[in-house]
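Below you'll find the structure, written out as structure tokens, and then a few comments.
The values are calculated or read from the model by the stated rules, or taken from the named source; none is laboratory data. Remember, it's a predicted structure, so these values are computed and weren't measured experimentally. Every residue, glycine as well, gets a Cβ built from its backbone with ideal geometry; the counts of neighbours run over all protein chains shown. Heavy atoms of the whole protein, side chains included, go into the accessibility calculation; ligands, DNA and RNA do not. Shrake-Rupley method; radii C 1.70, N 1.55, O 1.52, S 1.80 Å.
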Amino acid sequence: MALRTIREIGDDVLVKNCKEVKEITPRIKELVEDMFETMYEANGVGLAAPQVGILKRIFVIDVTGEDPMVFINPEILETSGEQTGYEGCLSVPGKSGVVTRPNYVKAKAFDLEGNEFIIEGEELLARAILHENDHLNGTMYVEKVEGELVDNEELIAQQEEEEE
């Protein structure tokens, strides 16, 4: 396993459409392992292949720190509801913005063994699936931000004030 370089906003690879994975090869499995290692090292909850410079339809998610999930050739089958909240991205370090997304998602994908699965998620899981799936289509969350991006440090200070 190896840490990969996370591409940052402005890198052309982040605005390109990804290609479907035709076969799950040892190189794909190694990529997925590296993506998990890179995501955890960066304290993220999701990472898409284009964020490490690979234009393949793959992303990984772990919203709890104990439930790693691999999505190969994902498809969004259904969405409903609405949630609005702060969202960040490992490709836009130190910044967050308010994004409205569906609160529920139903998606289909393949795992590392090539088995198709269907997953339903709400709240953070739904947000993560939709955010990472956007990366595969060359869309970044900054295109959906309502208002301005804010510094994460400012946001944390603001949230701490509200809690007092």
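Worth pointing out:
- CD proxy at 222 nm, helix term only [per DSSP H run n ≥ 4: -39500 (n - 2.57); per residue of the chain; nearest 500]: -8500 deg cm²/dmol
- What a 1.4 Å probe finds exposed on the stretch 81-164 is 43% carbon and sulfur by accessible area, rounded to a whole percent.
- Reach of Lys22 by Cα under 24 Å, taken over lysines that are not fewer than 8 positions away in the same chain: Lys56, Lys106, Lys108
- Residues of type lysines that Lys95 reaches as a straight line, Cα spacing below 24 Å, ignoring anything fewer than 8 places off in the same chain: Lys16, Lys144
- If R0 equals 35 Å, the separation of the Cβ atoms of Ile118 and Glu37 corresponds to a calculated FRET efficiency of about 0.85.
- The residues of the stretch 85-164 expose, per residue, 53 Å² of accessible area to a 1.4 Å probe.
- Pairwise label distance in nanometres, Asp111 with Lys22, each label 7 Å out on the Cα-Cβ vector: 2.6 nm
- Most mobile of Met140, Met39, Met69 in a GNM of the chain (Cα contacts under 10 Å): Met69
- Label point distance in nm, Glu143-Asp67, each placed 7 Å from Cα along Cα→Cβ: 2.9 nm
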